[in-house]
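Right, one structure below, let's go through it.
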Amino acid sequence: MTGEKACRACKRLVEGKECVVCKGKDLTRNWKGVVLIYDPESEIAKKSGHAVPGKYALQIV
């Protein structure tokens with residue numbers, strides 16, 4: 001099991017107590033799936049709404 005938590009606002013996976021993308025503090029360990037965004041101009045990034053490269057949860061449970 002990973003120590004990462006997902007931000008409920010933007011789904012970014014983080015190790016700390018605050019999201020590095022949206023600065024949100026509402027984090028959860030209940031998430032499923034991972035998408036890695038390298039290019040924010042890619043179709044996957046656009047369709048998922050992620051404008052910042054990084055590791056994101058696919059679903060917050």
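Peptides 3-14, 38-49, 23-34 ranked from most to least packed, by the mean per-residue count of other Cβ atoms within 10 Å: 3-14, 23-34, 38-49.
Candidate values (i) 19, 12, 9; (ii) 16, 13, 10; (iii) 33, 23, 6 were compared with semi-axes √(5λ) of the Cα gyration tensor in Å computed on the shown model; the agreeing label is (i).
Only the coordinates and a few stated rules stand behind these numbers; no lab work does. Predicted, not measured: the structure shown is a model, and the values here were computed from it. Heads up, the Cβs are rebuilt from the backbone with ideal geometry, glycines too, and the neighbour counts pull from every protein chain shown.
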